[in-house]
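Worksheet: the structure to be examined is printed underneath.
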Ligand SMILES: N[C@@H](CCC(=O)N[C@@H](CS)C(=O)NCC(=O)O)C(=O)O
């Protein structure tokens, strides 16, 4: 393992603060007790070096020595190799953690992200498009996730990278009150976000962007 450097934006507007995906990596690094530092790239002027690390010009990415990794799921899988606090050691637990990590991203977030974009953009009126996306998230994802989470504390038996991703995905749904009908999902989010390592990751992210406001007040506008 080399030096671990997490790169995120230097600044973001208020609404996404606390939800920028570097929180997933911060959270995992804290759970694993790994030493790391945080670096910043401009939010507004994304340069060629940024795109060399993250082909879509997004955040976050992680470097581990001379290895550079983008996509929060890939970063968490990489960190899972470095710490038993993030990935069960037994083959069954490991397989469950990996399948639920993909389920969080590829089954739940693929439904929750367009849903939240409709809400962000105020397009939640009585339209066929909103009904389609709202129904898809509720009837095809949350309704089925609810009994799973009612039956277990953590997705792979013990806490793992799968829980970091699933809880972070559900947290955004909860922000818009989308979990009101799913008490087990809500309890799961509460359980995960009560962990001291989440609280530290969240506090650090808020402080990171607040420091940018203080350093460059004009960025606020
Ligand atoms: N699938 C990527 C998504 C990364 C992503 O959406 N990052 C957001 C911040 S949370 C971003 O960079 N948004 C600005 C943009 O897409 O231009 C991952 O999980 O790492």
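Odds and ends about this structure:
- Some residue of segment 28-35 being without any contact (Cβ under 8 Å) to a residue 40 or more places away in the chain and within 13 Å of the ligand (Cβ to nearest atom): no
- Selection within segment 79-104 - surrounded by fewer than 19 Cβ atoms within 10 Å (Cβ to Cβ) and within 19 Å of residue 33 (Cβ to Cβ): 81, 82, 83, 84, 85, 89
- Tally, over segment 36-49, of residues that are away from the ligand (no atom under 13 Å from the Cβ), without any contact (Cβ under 8 Å) to a residue 60 or more places away in the chain and not in a helix (DSSP H, G or I): 4
- Residue identified as touching a residue at least 24 places away in the same chain (Cβ under 8 Å), within 16 Å of the ligand (Cβ to nearest atom) and within 15 Å of residue 162 (Cα to Cα) among 62, 77, 86: 77
- Wholly within segment 129-207, helices (runs of 4 or more DSSP H) carrying at least 2 residues that are surrounded by 17 or more Cβ atoms within 10 Å (Cβ to Cβ) and touching a residue at least 60 places away in the same chain (Cβ under 8 Å): 161-175
- Between 50, 78, the distinction of being within 25 Å of residue 203 (Cβ to Cβ) and out of contact with any helix residue (DSSP H, G or I) (no Cβ under 8 Å at 6 or more places or on another chain) belongs to 78 only.
- Hits in segment 28-39 (condition: touching a strand residue (DSSP E or B) at 6+ places or on another chain (Cβ under 8 Å) and either crowded, with 16+ Cβ neighbours inside 10 Å or at pLDDT below 95 (or both)): 29, 34, 36, 38
- Search result, residues across segment 1-16 that are within 16 Å of the ligand (Cβ to nearest atom) and surrounded by fewer than 16 Cβ atoms within 10 Å (Cβ to Cβ): 5, 13, 14, 15, 16
- Some residue of segment 50-59 being closer than 17 Å to residue 160 by Cα, assigned to a loop (DSSP other than H, G, I, E, B) and either without any contact (Cβ under 8 Å) to a residue 40 or more places away in the chain or more than 16 Å from the chain's Cα centre (by Cα) (or both): no
- Taking the listed residues 72, 95, 107, the one that is modelled with pLDDT of 95 or more, more than 16 Å from the ligand (Cβ to nearest atom) and under 25 Å from residue 148 (Cβ atoms) is 95, with no other qualifying.
- Residues (at pLDDT 95 or above, within 15 Å of the ligand (Cβ to nearest atom) and over 23 Å from residue 73 (Cα atoms)) located in segment 110-146: none
The values are calculated or read from the model by the stated rules, or taken from the named source; none is laboratory data. These numbers come from a predicted model, not from an experiment. Glycine also receives a Cβ, built like all others from the backbone with ideal geometry; neighbour counts cover every protein chain displayed.
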